[in-house]
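The values are calculated or read from the model by the stated rules, or taken from the named source; none is laboratory data. Small disclaimer: the values here were computed from a predicted structure and weren't measured. Here the Cβ positions follow ideal geometry from the backbone for every residue, glycine too, while neighbour counts run over all protein chains shown. Just so you know, the surface numbers come from the protein's heavy atoms only, side chains and all, with ligands and any DNA or RNA stripped out. Shrake-Rupley method; radii C 1.70, N 1.55, O 1.52, S 1.80 Å.
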Amino acid sequence: MKLIELIGIELQKIKRSKILLILILPAIILWIPAVANAGINFNYHKEGISPENSFFIQTLLGFAWFMYPAGMVINTVLLTQTERGGRGMVKMLSLPINRQQLCVAKFIVLLILAAAQISITTLLYYPSALLASHIQDYNFLLSPLQVWKEAGLLFMSSLPMAAVFWLIAVCIRTPVFAVGTGLASIVPSIILINSKVWFIYPMCYPFYVITTEYGKLASNFDTFSLTLIPWIPVAIALLVISTGISCLLFGRSENR
């Protein structure tokens, strides 16, 4: 069976799950307080950031630090559990399917869900900004190029993190422990982004990148600098190693 066919099968499976609700609900919850407290963005003039930039980037910071990684953790566990219930993995592996290929297909679906989560959150920015503009009598809308640029940076920087979360879900078979481990791994990122070795911890990446973008928009705000070396080589290594180990371990116990 070809990889593209496996991806299609996996996408069909998630239609019957609660994954889509997990993608939409947090995005709605994220923007409600942003609109309700839109007036606070006028208080950041000392940092040299405009209210419209503050409205968008401050909300994106909260999304990048916890909501987005947490949603990804839950999605990884749901994707692995589709085969672990009712001896589903044994049934799948009884078909002419390579388990490493199946692992890659599931990981690609995870990335599709991650892109969908970011896209939904970004799309909800527009009605939220329009509503905030109406309430505050100020134009909070940014150019689509700027908005989607930040969304693209967020997605690209999160690829190694997704690979690590996927590895955790593959290695830990109990859903509660897998979710707990994944969520617990998010917390240290707020500390490690202030260290010189932030690049060795992929859960830091999305928050670090958006914080760096905040510094570019706030002229009077000292923030982190994003140096591509050694970050990019380390990020690629973590992505490849985590995905490779996941493929080696995926379905191994059921295949014995």
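Quick look at the numbers
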quantity: Index of the failed condition, MET203 passing every other in (1) under 23 Å from LEU78 (Cβ atoms); (2) open to solvent by 40 Å² or more (accessible area, probe 1.4 Å); (3) not hydroxyl-bearing (Ser, Thr, Tyr); calculated: (2)
quantity: Residue check for TYR68: modelled with pLDDT under 85 and within 27 Å of TYR208 (Cα to Cα); calculated: no
quantity: Cβ-Cβ under 8 Å pairs, at least 6 apart or on other chains, region 141-154 side open to solvent by 50 Å² or more (accessible area, probe 1.4 Å), far side among the acidic types (Asp, Glu); calculated: LEU141/GLU52; LEU153/GLU213
quantity: Helices (runs of 4 or more DSSP H) lying entirely in region 101-191 (those with 3 or more residues that are within 19 Å of TYR214 (Cβ to Cβ)); calculated: 144-157
quantity: Test result for LEU25, closer than 25 Å to MET156 by Cα, in contact with a Ser or Thr (Cβ under 7 Å, 6 or more places away or on another chain) and surrounded by fewer than 21 Cβ atoms within 10 Å (Cβ to Cβ); calculated: no
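Residues are listed down the side, and each one gets a yes or a no for (1) modelled with pLDDT under 95; (2) under 23 Å from THR59 (Cβ atoms); (3) of a type in the set (Asp, Glu); (4) open to solvent by 30 Å² or more (accessible area, probe 1.4 Å):
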| site | (1), (2), (3), (4) |
| --- | --- |
| SER128 | no, yes, no, no |
| VAL164 | no, no, no, no |
| SER189 | yes, yes, no, no |
| SER195 | yes, no, no, yes |
